[in-house]
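Everything below concerns the one structure shown next.
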Amino acid sequence: MDKTISTLAITGFWLIAVTYGMARFAWGLMLPSVGQDIELSSRAAGVIAACSYIAYCFSSIGAAWVIGRYGARITAIVSAFCAAFGLLLLACAAGVVHIALGLFIAGLSSGLASPSLAAAVSLAVAERRQSTTNTFINAGTGGGIILSVPILLFIPFGWRGACVAFAVFALLCLLPVTRYLPASRSQGAKNEQSWRQLLQARAMRRLALIAFICGIASAAWWNFGPDILQNHLHVAKETTSMLWLVSGGAGIAGVFTGALAARTGWNLVYWLSLLFMAAPLALLAVSHGYSGWLIPAAALCGVGYITLSGVLLVCGAAATANAPAAGVGIVFFMLAVGQVAGAIIFGQLYALLGAAWSLLIFAGLALFTMFLTPTKL
């Protein structure tokens, strides 16, 4: 990558690390500590966690319009400010309402970040390098999770101090975002199509369906992974935290998605990512306690999901070449809706059939999706 592309890619990686890894996924790591300071019932914890998903869906819907009106740079700046403001609200939270509000505002950041960066890449990067750049940026989630763990462990004042540190990282994003993201809008952005118009294309409808099903399949691990490890496999809390870190951190391997696809083709990367999601779920289903295999299984969960989201991002941008932000917004919106639906479905199956059968069903769903290859691959 030349200097312009590399600086844009690193800037995007940093913004994704903050908005996804710190402002969104770090909440799961902070929850036990938050519960020690602020009384949270199980119902309240569930509602609070949903705030981030709701905000993500909401901002994904509006991202294309914001980008079309104000450009990728302004949208990315708003994303960083949302992350910083939401995290600072969390740091100062005195009750459940404040926590929910902070998570909602912070959650808006990720729904704005991905479409704005996809739009920036479409403007500043040659078409032959856009896929590699987009997948490199998308892997920032894993980098954010890796950074969040030592910050949570070693920063003074516990989770509140960590939230302030995360907010500082978000504000520090503003300098490279302002300098390296293009301010102009593409012709496609100026003539942004509505989602209804975009979904009239068969390729986009197929991709939206795939993203929805993939979101459902991913919910088994990302919503219930810690509970399954502790209650189904009877893994200690400390080991569960270590496996969660391995899973999130391994996602940084998604930086190689574009390079791998250039050598093997996108179809193979797509199939491998779904296989990486399915195999660990099947392993968890037949396991009866901790074993060394859980470490690579957790890593595959992270690699599979981040790689798959990178593939879907590239396909969304390609399917709507004149409006890449809208395509990425649709894909990530459907992915998030699928995760909400998957959490509900898995929870019901978990209660009725137990962990083993529920995991096998969701592993089968991931394998089934391998037959629904996006037409743009």
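Take the residues in the stretch 86-133 that are part of a loop (DSSP other than H, G, I, E, B) and under 24 Å from Gly35 (Cβ atoms), then tell me which one is most open to solvent (accessible area, probe 1.4 Å). First the steps, then the outcome.
As a first pass, look at the stretch 86-133 and keep what is part of a loop (DSSP other than H, G, I, E, B): 92-95, 125-126.
Narrowing the set further to residues that are under 24 Å from Gly35 (Cβ atoms) leaves 92-95.
On the way: Cys92: 107, Ala93: 3, Ala94: 81, Gly95: 20 Å².
Only one residue tops the list, namely Cys92.
Which pairs turn up if I take residues in the stretch 153-181 that are part of a helix (DSSP H, G or I) and surrounded by 16 or more Cβ atoms within 10 Å (Cβ to Cβ) and look for partners that are among the basic types (Lys, Arg) and at pLDDT 90 or above with beta carbon separation below 8 Å, at least 6 apart in sequence or on another chain?
Here the result reads Val177/Arg73, each pair linking the stretch 153-181 to a residue that is among the basic types (Lys, Arg) and at pLDDT 90 or above.
Sort out which residues of the stretch 193-220 are open to solvent by 50 Å² or more (accessible area, probe 1.4 Å) and modelled with pLDDT under 85, and write them in order of number.
Gln193, Ser194, Trp195, Arg196, Gln197, Leu199, Gln200, Arg202
So Ser79 fits all but one of (1) assigned to a helix (DSSP H, G or I); (2) over 19 Å from Leu313 (Cβ atoms); what number is the exception?
Only one criterion in (1) assigned to a helix (DSSP H, G or I); (2) over 19 Å from Leu313 (Cβ atoms) is unmet by Ser79, namely (2).
Residues are listed down the side, and each one gets a yes or a no for (1) outside any loop (DSSP other than H, G, I, E, B); (2) more than 30 Å from Gly354 (Cα to Cα); (3) out of contact with any His (no Cβ under 7 Å at 6 or more places or on another chain):
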{"position": "Leu274", "(1), (2), (3)": "yes, no, yes"}
{"position": "Leu283", "(1), (2), (3)": "yes, no, yes"}
{"position": "Cys301", "(1), (2), (3)": "yes, no, yes"}
{"position": "Gly304", "(1), (2), (3)": "yes, no, yes"}
{"position": "Leu312", "(1), (2), (3)": "yes, yes, yes"}
{"position": "Ala318", "(1), (2), (3)": "yes, yes, yes"}
{"position": "Asn322", "(1), (2), (3)": "no, yes, yes"}
{"position": "Val337", "(1), (2), (3)": "yes, no, yes"}
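Let me confirm something: among Ala253, Ala278, which residue is of a type in the set (A, V, I, L, M, F, W, C), part of a helix (DSSP H, G or I) and open to solvent by 10 Å² or more (accessible area, probe 1.4 Å)? Talk me through it step by step, then tell me what you get.
On the way: Ala278 fails: open to solvent by 10 Å² or more (accessible area, probe 1.4 Å).
Answer to the selection: Ala253.
Among the residues of the stretch 281-296, is there at least one that is under 19 Å from Ile252 (Cα atoms) and open to solvent by 30 Å² or more (accessible area, probe 1.4 Å)?
Looking for residues that are under 19 Å from Ile252 (Cα atoms) and open to solvent by 30 Å² or more (accessible area, probe 1.4 Å), one finds at least one in the stretch 281-296, hence yes.
When you look at Ile54, is it part of a helix (DSSP H, G or I) and more than 15 Å from the chain's Cα centre (by Cα), yes or no? Before you say what the answer is, go through the steps one by one.
Values: part of a helix (DSSP H, G or I): yes; more than 15 Å from the chain's Cα centre (by Cα): no.
In short, no.
Picking from Val340, Val328, which residue would you name as being under 15 Å from the mean Cα position of the chain (by Cα), of a type outside the set (S, T, N, Q) and surrounded by fewer than 24 Cβ atoms within 10 Å (Cβ to Cβ)?
On the way: Val328 fails: surrounded by fewer than 24 Cβ atoms within 10 Å (Cβ to Cβ).
Just a single option satisfies the conditions, and that option is Val340.
Tell me which residues, restricted to the stretch 305-325, are crowded, with 24+ Cβ neighbours inside 10 Å and more than 12 Å from the chain's Cα centre (by Cα).
In the first step, residues of the stretch 305-325 are kept if they are crowded, with 24+ Cβ neighbours inside 10 Å; the result is 305-317, 319-320, 323-325.
The answer is Val311, Val314, Cys315, Gly316, Ala317, Ala319, Thr320, Ala323, Pro324, Ala325.
Looking at the stretch 71-85 only, could you name the residues that are among the hydroxyl-bearing types (Ser, Thr, Tyr) and closer than 16 Å to Ala124 by Cβ? Steps first, please.
Within the stretch 71-85, the first condition is being among the hydroxyl-bearing types (Ser, Thr, Tyr), and the residues that meet it are 75, 79.
Thr75, the sole residue that qualifies.
Only one of Ala23, Ala76, Ala49 is closer than 16 Å to His98 by Cα and in contact with a Leu (Cβ under 7 Å, 6 or more places away or on another chain). Can you tell me which? Show your work before the answer.
On the way: Ala76 fails: closer than 16 Å to His98 by Cα; Ala49 fails: in contact with a Leu (Cβ under 7 Å, 6 or more places away or on another chain).
Exactly one residue qualifies, and that residue is Ala23.
If I ask for residues that are surrounded by fewer than 18 Cβ atoms within 10 Å (Cβ to Cβ) and closer than 12 Å to Leu283 by Cα, which ones from the stretch 343-359 would you list?
Matches in the stretch 343-359: Ala356, Trp357.
If Ala139 passes every condition in (1) over 17 Å from Ala49 (Cβ atoms); (2) open to solvent by 20 Å² or more (accessible area, probe 1.4 Å); (3) within 19 Å of the chain's Cα centre (by Cα) but one, which one does it miss?
Here Ala139 meets the rest and fails (2).
The values are calculated or read from the model by the stated rules, or taken from the named source; none is laboratory data. Being a predicted model, the structure only gives us computed values, none of them experimental. Positions of Cβ are generated from backbone atoms using ideal geometry, with glycine treated the same way; all protein chains shown enter the neighbour counts. Heavy atoms of the whole protein, side chains included, go into the accessibility calculation; ligands, DNA and RNA do not. Shrake-Rupley method; radii C 1.70, N 1.55, O 1.52, S 1.80 Å.
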